[in-house]
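The next block holds one structure in the form of structure tokens; read it before the comments.
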Amino acid sequence: MAHIPNDARNQQLYLKRVPHGTAGPDDFEVREIAVPEPGDGQVLVEAHYLSVDAALRLIMQDSDDFLFRVKPGDLVRGSAASRVIESNNPAFAEGDWVTGSMGVQNYSVMEAEELEKCDPDAAPLPTWLGGMGVSGLTAYFAVLEECKPGPGTTFLVNGAAGAVGSIAGQIARIQGAKVIGVTGSDEKCKWLTEELGFDVAINYKTADLYDAMLEAAPDRIDAIFDNVGGPILNESLRLIGMKGTVLLCGATSQYTEEEVTGPSNYIWLGTMRARMQGFVVYDFAEKFEEARAQMAEWVKSGKLVMRDNMIDGDVADYPAIFQQLYEGTDLGKMLVKLPAAD
Ligand SMILES: NC(=O)c1ccc[n+]([C@@H]2O[C@H](COP(=O)([O-])OP(=O)(O)OC[C@H]3O[C@@H](n4cnc5c(N)ncnc54)[C@H](OP(=O)(O)O)[C@@H]3O)[C@@H](O)[C@H]2O)c1
């Protein structure tokens, strides 16, 4: 086995119990095993960056309703950007950089079809988990294929300073729409308007949300890009415009709740002939390369900012960092930089 120390061990994160409220370190346990050996056709990878995703909290719920569920005793799911250490598959060579759903651990044995190669010259390796990964691709397709913003339209994004929301708002702005972002701190609002070019940013923790949205969108809203659900979605719905689109990207505020609450203001959809649209990024997998090429061009020309919020740590630090994601202190995409990346 090349390029790993003889005493290397694989730390893995397991779910210990079903979390209640925001998941915390006591809900997880770390186990340590020997670095696994790849079998025929398999590839051994070493993780350098771990993605921290709000949706993990949803799939740890005590319910079989959710795909990819993580149950107590399961390895915690998560994507990583990793280096190929040993390959028994001709499609991958030692030293290749790859992403995939490798779980929260330092080393994993993967099937070739579970891996996607990434080119660190086109974008830094961590960005392949954020802007060039699921977060950016979600924003790209949900905005362009479903919301279809353009000049003269108004676009509102909830969860605006997060990994998906920050890119969604910028893409709507590139398309010429007026962009309003809703987020949870003045610092985030400042970032959205001063660095990302949002027209208006609203701090939902301090503003009278409906009044602030009405002031920003007196002629109503053509597309609501919703990442959070709950009361923020509900207030937004009162302002949906004629034939508007409410894009249901995620519902972060509901993932920690024992019972999900639906929005009573859905009645505005009827009057306004508007629609609520579900969305799953993987439906667009055939067009991922096209989207990455376009986003890379926007990044190069300065029109699009992809921000990674990188936190140094190891597998054992993941639960505390995940908890921090829900505390809302981060801007952009949250990632763990593992010791292997130093
Ligand atoms: N449909 C798809 O294919 C797809 C793909 C990827 C992600 N998603 C979904 O998209 C959403 C955004 O994902 P992301 O990775 O970009 O996450 P994210 O927005 O970066 O998540 C963290 C942020 O969520 C906000 N938040 C936390 N608790 C909240 C609450 N109770 N109410 C309102 N906001 C809260 C905080 O921001 P504030 O400071 O603004 O509160 C926090 O900084 C998630 O719901 C995810 O599941 C969907």
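Residues of the range 7-29 that are crowded, with 18+ Cβ neighbours inside 10 Å and of a type in the set (A, V, I, L, M): 13, 15, 23. Considering the range 29-63, the residues that are among the hydroxyl-bearing types (Ser, Thr, Tyr) and within 27 Å of residue 95 (Cα to Cα) include one that is nearest to the ligand (Cβ to nearest atom), namely 51.
Filtering the range 250-276 to residues that are surrounded by fewer than 16 Cβ atoms within 10 Å (Cβ to Cβ) and either on the phi > 0 side of the Ramachandran plot or within 13 Å of the ligand (Cβ to nearest atom) (or both) leaves 257, 260, 261, 273. Considering only the range 244-268, state which residues are among the aliphatic types (A, V, I, L, M), in a loop (DSSP other than H, G, I, E, B) and out of contact with any Asp or Glu (no Cβ under 9 Å at 6 or more places or on another chain). Matches in the range 244-268: 260 only.
The numbered conditions (1) touching a residue at least 60 places away in the same chain (Cβ under 8 Å); (2) more than 16 Å from the ligand (Cβ to nearest atom); (3) surrounded by 22 or more Cβ atoms within 10 Å (Cβ to Cβ); (4) of a type in the set (A, V, I, L, M) are all true for residue 102 except (1). Take the conditions (1) in contact with a Leu (Cβ under 9 Å, 6 or more places away or on another chain); (2) surrounded by fewer than 22 Cβ atoms within 10 Å (Cβ to Cβ); (3) assigned to a helix (DSSP H, G or I); residue 318 misses just one of them, which is (2). Scoring residue 286 on the criteria (1) surrounded by 11 or more Cβ atoms within 10 Å (Cβ to Cβ); (2) at pLDDT 95 or above leaves a single failure, condition (1). Just so you know, in the range 191-207 the residues that are assigned to a loop (DSSP other than H, G, I, E, B) and among the hydrophobic types (A, V, I, L, M, F, W, C) include one that is farthest from the chain's Cα centre (by Cα), and it is 207. When residue 273 is tested against (1) of a type in the set (D, E, K, R); (2) assigned to a helix (DSSP H, G or I); (3) closer than 23 Å to residue 222 by Cβ, just one condition goes unmet, and that condition is (2). Can you confirm whether residue 135 is within 14 Å of residue 79 (Cα to Cα) and not in a helix (DSSP H, G or I)? For residue 135, the condition - within 14 Å of residue 79 (Cα to Cα) and not in a helix (DSSP H, G or I) - is not met. In the same structural domain as residue 213 (by TED's automatic domain parsing), closer than 26 Å to residue 217 by Cβ and within 12 Å of the ligand (Cβ to nearest atom): is that true of residue 232 in this structure? It is true that residue 232 is in the same structural domain as residue 213 (by TED's automatic domain parsing), closer than 26 Å to residue 217 by Cβ and within 12 Å of the ligand (Cβ to nearest atom).
The values are calculated or read from the model by the stated rules, or taken from the named source; none is laboratory data. Note that this is a predicted model, so its numbers are computed, not measured. A quick note on method: Cβ atoms are made from the backbone with ideal geometry, for glycine too, and the neighbour counts reach across all protein chains shown.
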